[in-house]
1. Report whether or not A:Lys13 is modelled with pLDDT under 90 and either at negative phi or surrounded by fewer than 16 Cβ atoms within 10 Å (Cβ to Cβ) (or both).
2. Could you tell me whether any residue of segment A:195-216 is in contact with a Pro (Cβ under 7 Å, 6 or more places away or on another chain) and closer than 25 Å to A:Ser26 by Cα?
3. If we keep just the residues of segment B:88-103 that are in a helix (DSSP H, G or I) and either more than 12 Å from B:Ala38 (Cβ to Cβ) or of a type in the set (Ser, Thr, Tyr) (or both), which is modelled with the lowest pLDDT?
4. Can you tell me which residue is surrounded by the most Cβ atoms within 10 Å (Cβ to Cβ) among those in segment B:181-232 that are assigned to a helix (DSSP H, G or I) and of a type in the set (S, T, N, Q)?
5. For segment A:77-84, state whether one or more residues are closer than 16 Å to A:Leu182 by Cα, of a type outside the set (Gly, Ala, Ser), assigned by TED's automatic domain parsing to the domain that holds A:Glu6 and in contact (Cβ under 8 Å) with a residue 40 or more places away in the chain.
6. Within segment B:144-168, track down each residue that is without any contact (Cβ under 8 Å) to a residue 60 or more places away in the chain, over 21 Å from B:Met1 (Cα atoms) and touching a helix residue (DSSP H, G or I) at 6+ places or on another chain (Cβ under 6 Å).
7. Let me spell it out: the conditions are (1) at pLDDT 90 or above; (2) hydroxyl-bearing (Ser, Thr, Tyr); (3) exposed (fewer than 15 other Cβ atoms within 10 Å of the Cβ), and A:Ser119 meets all of them except one. Which number is the exception?
8. Looking only at residues that are of a type outside the set (Val, Ile, Thr) and closer than 18 Å to B:Ile68 by Cβ in segment B:142-156, which one is farthest from the other protein chains (Cβ to nearest Cβ)?
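The values are calculated or read from the model by the stated rules, or taken from the named source; none is laboratory data. Source: prediction; values computed, not measured. Positions of Cβ are generated from backbone atoms using ideal geometry, with glycine treated the same way; all protein chains shown enter the neighbour counts.
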Amino acid sequence: MKPSKEKILEVKKLTMDFGGLRAIDSFDLDICDKEIVALIGPNGAGKTTFFNCITGIYKPASGDIVINKNGKKERINGVRPNLITEKGFARTFQNIRLFGNMTVLENVMIGRHCRSKSSVAGAILRNKASIQEEKDIVNFSYNILKKIGLQNSVNELANNLPYGDQRRLEIARALATEPFLLLLDEPAAGMNPNETAELADLIKRIRDEEGISILLIEHDMKLVMKLSELIFVVDYGKKIAQGTPEEIKVNPNVIKAYLGEETNA
Amino acid sequence: MDYFLELFLGGLTRGSIYALIALGYTMVYGIIQLINFAHGEIYMIGAFTALIAASVLTFAGLNQLAIIVIAALAAIIYSAAYGYTIEKIAYKPLRNAPRLSVLISAIGMSLFLQNYVLLAQTSNFLPFPELIPEFEFLKPYSHIIRPSELFICITTAVIMLLLTFLIKFTKIGKAMRAAAQDKTMAMLLGIDVNLVISVTFIVGSATAAIGGVLIASHIGQINFYMGFIAGIKAFVAAVLGGIGSIPGAVLGSLILGWTESFFTGYISSDYEDAFAFLFLVLILIFRPSGILGKKEY
């Protein structure tokens with residue numbers, strides 16, 4: 001599945017300040033439908049802040065964040081995170097933020113929250129519609145877990161999963177919200193080369209099979225170069241380069257600011 | 001043996017009432033890490049609402065069962081509205097402020113509500129009608145247990161079961177548990193955290209109102225100050241069980257109820273409150289996270 005040229009997210013001149021510090025400075029970024037895009041840069045460059053802006057955790061100082069879904073454009077600056085999730089963004093975090101005291105299945109079911117209707121009255125009265133919905137949610141969640149490869153630990157507590165599985169569960173939970181754009185914040189952090197390779201496969205499959213666009217922040221250059229179709233490089237909140245992996249590898253700005261003396265990246 | 005049983009059941013009754021209030025403390029703490037000091041006032045307002053409703057209905061000549069049900073419902077609805085409003089005006093604007101500011105806001109709210117009821121009603125003790133009827137089958141045991149005590153224990157048990165169901169199996173319950181663990185993440189999964197917090201306050205206030213109506217009917221009198229001491233005791237119970245933990249709140253309440261009951265029965269009734277607070281101090285020294293609470297490192 002090759003990316004189409006239809007833009008689903010357009011970010012224009014996005015700026016975010018923390019007091020006197022300009023964390024993001026007039027940043028532009030576009031993502032096309034079914035595209036895998038990477039956002040790279042040194043530590044503290046503003047990558048996670050960018051994620052926080054477009055998922056509604058921070059309200060940007062200025063600029064436009066526009067989503068384009070089914071030919072309808074909508075500006076989402078400062079919209080509350082839960083409403084942005086409803087519109088079709090889902091994300092994971094650098095550090096794992098699972099609901100540790102819930103089971104694997106429950107974690108994924110929580111992701112279905114905004115796509116389900118049932119009320120407290122329905123849960124108490126156990127009417128047909130709410131029983132059916134509950135069943136649908138369980139089935140849907142189970143299917144996601146199967147795709148991700150966690151079907152054998154549905155009833156385990158999330159805390160008890162091995163590290164790599166916790167990372168994958170985060171992705172499963174994000175997928176449960178049925179996003180059209182999945183934002184992954186350092187999904188390979190702390191993984192060994194084997195797990196990273198599996199993760200690369202998984203990300204590719206999510207794009208190919210589900211048709212979900214992906215924006216990822218990652219420090220593992222091998223993974224970034226292998227997966228992404230388009231790379232944005234950010235330093236001190238400013239975009240310093242943009243292009244295909246081949247272009248980025250030889251871009252002198254990038255080598256200077258980010259890769260330093262490393263030539264084998 | 002009868003005396004022991006009487007004390008045991010008396011303690012169970014006290015514990016049940018504490019539990020109904022402590023639930024609100026612990027649920028709110030679980031979700032926004034705030035000790036809602038105005039919670040005892042909600043319980044007091046519940047009792048006052050029931051008194052007003054019951055008086056009007058008695059005057060209108062309804063039968064006793066209808067009076068109980070309508071008065072209790074009125075208390076629940078009115079208290080829930082108070083809980084909801086208090087959160088919106090006193091706590092929500094301070095959501096991102098330091099925890100101490102919110103705590104002070106809560107104490108202010110508590111004093112405000114006490115004085116508001118004092119001015120709007122009276123500073124005197126008001127007689128509260130006995131709403132709970134005599135049960136025929138309890139007559140032979142009347143020296144051990146009063147009908148209202150039995151009623152309180154059963155009602156509390158039923159409410160605990162309903163609440164467990166709400167939190168374990170419903171969608172809003174799952175959302176509550178998720179928001180309690182990580183509010184930002186919950187929001188990013190599409191959960192309306194503001195709504196979840198409002199529901200928590202409404203549920204907590206409703207159970208406190210039920211506690212208020214039951215205790216008022218059991219003791220037979222109310223005044224504007226009743227929420228303060230009951231609220232503090234329930235707070236002790238919630239801390240004893242492990243604040244933030246719902247089973248902990250119930251367990252802590254029952255333990256506090258029994259200790260108080262046995263202490264007053266066998267040792268001295270003069271130092272009842274002092275004993276409850278001595279208990280709090282001891283817990284805070286030896287087990288600061290409570291019986292079922294998570295250890296904080």
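1. Working: modelled with pLDDT under 90: no; either at negative phi or surrounded by fewer than 16 Cβ atoms within 10 Å (Cβ to Cβ) (or both): yes.
It is false that A:Lys13 is modelled with pLDDT under 90 and either at negative phi or surrounded by fewer than 16 Cβ atoms within 10 Å (Cβ to Cβ) (or both).
2. Yes, segment A:195-216 contains at least one residue that is in contact with a Pro (Cβ under 7 Å, 6 or more places away or on another chain) and closer than 25 Å to A:Ser26 by Cα.
3. We begin by selecting, within segment B:88-103, every residue in a helix (DSSP H, G or I); these are B:88-94, B:99-103.
Now drop any that are not either more than 12 Å from B:Ala38 (Cβ to Cβ) or of a type in the set (Ser, Thr, Tyr) (or both), which leaves B:88, B:91-94, B:99-101.
Numbers: B:Lys88: 95, B:Tyr91: 94, B:Lys92: 92, B:Pro93: 93, B:Leu94: 92, B:Arg99: 88, B:Leu100: 91, B:Ser101: 93.
Residue satisfying both the conditions and the ranking: B:Arg99.
4. Restricting attention to segment B:181-232, the residues satisfying the condition of being assigned to a helix (DSSP H, G or I) are B:181, B:183-188, B:193-219, B:226-232.
Now narrow it down to the ones that are of a type in the set (S, T, N, Q): B:181, B:184, B:194, B:198, B:200, B:205, B:207, B:217.
Numbers: B:Gln181: 18, B:Thr184: 15, B:Asn194: 16, B:Ser198: 17, B:Thr200: 23, B:Ser205: 31, B:Thr207: 28, B:Ser217: 24.
By that ranking, first place goes to B:Ser205.
5. Going through segment A:77-84, the residues closer than 16 Å to A:Leu182 by Cα turn out to be A:81-84.
Then keep just the ones that are of a type outside the set (Gly, Ala, Ser); that gives A:81-84.
If we keep only those that are assigned by TED's automatic domain parsing to the domain that holds A:Glu6 as well, we get A:81-84.
Next cut, in contact (Cβ under 8 Å) with a residue 40 or more places away in the chain only: none.
Within segment A:77-84, none of the residues are closer than 16 Å to A:Leu182 by Cα, of a type outside the set (Gly, Ala, Ser), assigned by TED's automatic domain parsing to the domain that holds A:Glu6 and in contact (Cβ under 8 Å) with a residue 40 or more places away in the chain.
6. Matches in segment B:144-168: B:Leu166 only.
7. (1)
8. Here is the first cut: in segment B:142-156, the residues of a type outside the set (Val, Ile, Thr) are B:142-143, B:146-151, B:153.
Cutting the leftovers down to closer than 18 Å to B:Ile68 by Cβ gives us B:146-151, B:153.
Values: B:Arg146: 31, B:Pro147: 28, B:Ser148: 27, B:Glu149: 28, B:Leu150: 25, B:Phe151: 23, B:Cys153: 23 Å.
Across segment B:142-156, the extreme among qualifying residues is B:Arg146.
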